[in-house]
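Structure, as structure tokens:
The values are calculated or read from the model by the stated rules, or taken from the named source; none is laboratory data. Predicted, not measured: the structure shown is a model, and the values here were computed from it. Here the Cβ positions follow ideal geometry from the backbone for every residue, glycine too, while neighbour counts run over all protein chains shown.
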Amino acid sequence: MTREVPERTPFATIDDMPPPMQAMIFDALERMAADPQMRRVRAAAQRALDPRPGQRLLDAGCGVGEVARDLAAAVAPGGQVVGVDASAAAIAVATGRAGDARVTYAVGDLLSLDFEDQTFDGVRAERVLQHMGEPDAGVAELVRVTRAGGRVCLVDTDWLSLASDGLPDDLVSRMWQGAMVARQHQPTMGRTLRRRLVRAGLVDVVCEPVPLWFTDPDDASTVIPLFNRSIPREAGFIPEELWDPWWAAVDRAADAGELLAVVTIWVAAGVRP
Ligand SMILES: C[S@@+](CC[C@H](N)C(=O)[O-])C[C@H]1O[C@@H](n2cnc3c(N)ncnc32)[C@H](O)[C@@H]1O
């Protein structure tokens with residue numbers, strides 16, 4: 001498949017967006033954190049990271065910081081969790097909600113983390129690499145700040161795994177290609193995580209695909225932006241010529257109780273030798 005790789009995805013440049021758009025993104029991240037299907041993904045990631053009391057952990061690309069807050073309980077007593085994100089606006093929201101002295105947040109770039117080598121016992125990055133132009137440089141940086149024997153855990157979506165039933169096939173393939181695949185920097189990132197960890201020299205690499213499925217468009221909208229009606233038409237996320245047929249088909253399938261949408265998110269982890 002040939003496609004033009006977008007220079008940057010919106011998630012790489014949240015601070016350049018108007019505040020209402022930022023608020024929409026932060027709200028979407030929080031809805032995601034509360035979603036039962038995403039909780040399965042995060043439970044798999046927590047098993048893979050295997051946090052222990054007293055450990056120092058990093059969540060790189062932490063967004064508004066819910067995972068860092070969840071991890072604080074796992075490292076108590078004595079541990080510490082640091083959340084870093086490129087977006088100052090996201091870090092401001094995360095800091096406002098921290099409420100736990102074991103969690104701190106800072107603005108920072110995953111490609112150039114402001115930490116000494118081998119600072120952390122465990123490092124994670126969730127749905128960040130798909131937005132980056134140099135994901136392997138990002139993985140190398142995560143490995144650099146992980147101590148020998150520490151774990152690196154990656155979580156990412158495989159947008160090419162999107163599948164559906166109850167919607168017209170030709171419309172679906174144009175939507176998947178036009179809206180999801182063409183607009184993602186790294187649409188297959190999820191399935192590549194294991195290989196990237198192996199190539200980065202980690203050992204005992206494990207991976208787990210977590211399928212998420214939805215039968216209600218509003219539920220699906222939490223994870224699959226194609227079903228998110230609050231993204232305005234003018235944003236151009238859905239190709240203009242597909243806007244009307246898409247929503248008509250979604251409504252028809254939902255009204256008939258026939259909608260099914262599936263996407264796989266991968267969790268992969270390994271140990272720094
Ligand atoms: C889809 S959000 C995921 C946020 C969070 N990990 C979660 O799962 O809810 C992607 C996040 O990655 C951040 N990000 C993108 N590129 C980054 C980079 N080079 N360094 C640090 N953070 C980055 C964005 O600011 C955004 O908060």
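Tabulated data
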quantity	calculated
Top-ranked residue of the range 142-152 - restricted to ones that are part of a helix (DSSP H, G or I) and in contact (Cβ under 8 Å) with a residue 40 or more places away in the chain, ranked as nearest to the ligand (Cβ to nearest atom)	Leu142
Single unsatisfied condition, Val82 versus (1) in a helix (DSSP H, G or I); (2) away from the ligand (no atom under 12 Å from the Cβ)	(1)
Residue in the range 58-77 that is farthest from the ligand (Cβ to nearest atom), counting only those that are outside any helix (DSSP H, G or I) and surrounded by fewer than 24 Cβ atoms within 10 Å (Cβ to Cβ)	Pro77
Flag if Arg127 is modelled with pLDDT of 95 or more, closer than 26 Å to Val250 by Cβ and under 19 Å from the mean Cα position of the chain (by Cα)	yes
Contacts under 7 angstrom Cβ, first residue in the range 23-50 being farther than 15 Å from Cys62 by Cα, partner more than 9 Å from the ligand (Cβ to nearest atom) and acidic (Asp, Glu), 6 or more apart	Ala44/Glu208
Top-ranked residue in the range 15-43 [being in a loop (DSSP other than H, G, I, E, B) and either within 10 Å of the ligand (Cβ to nearest atom) or surrounded by 15 or more Cβ atoms within 10 Å (Cβ to Cβ) (or both); ranked as farthest from the chain's Cα centre (by Cα)]	Met17
Residues that are among the polar types (S, T, N, Q) and surrounded by 20 or more Cβ atoms within 10 Å (Cβ to Cβ), drawn from the range 83-101	Ser87
Output for the range 85-102, where each listed residue is out of contact with any Ser or Thr (no Cβ under 9 Å at 6 or more places or on another chain) and outside any helix (DSSP H, G or I)	Asp85, Gly99, Asp100, Ala101, Arg102
Flag for Leu113 being within 9 Å of the ligand (Cβ to nearest atom), in contact (Cβ under 8 Å) with a residue 12 or more places away in the chain and touching a Pro at 6+ places or on another chain (Cβ under 7 Å)	no
Matching entry among Gln46, Gln80, Gln55 (being polar (S, T, N, Q) and either surrounded by fewer than 19 Cβ atoms within 10 Å (Cβ to Cβ) or under 18 Å from the mean Cα position of the chain (by Cα) (or both))	Gln46
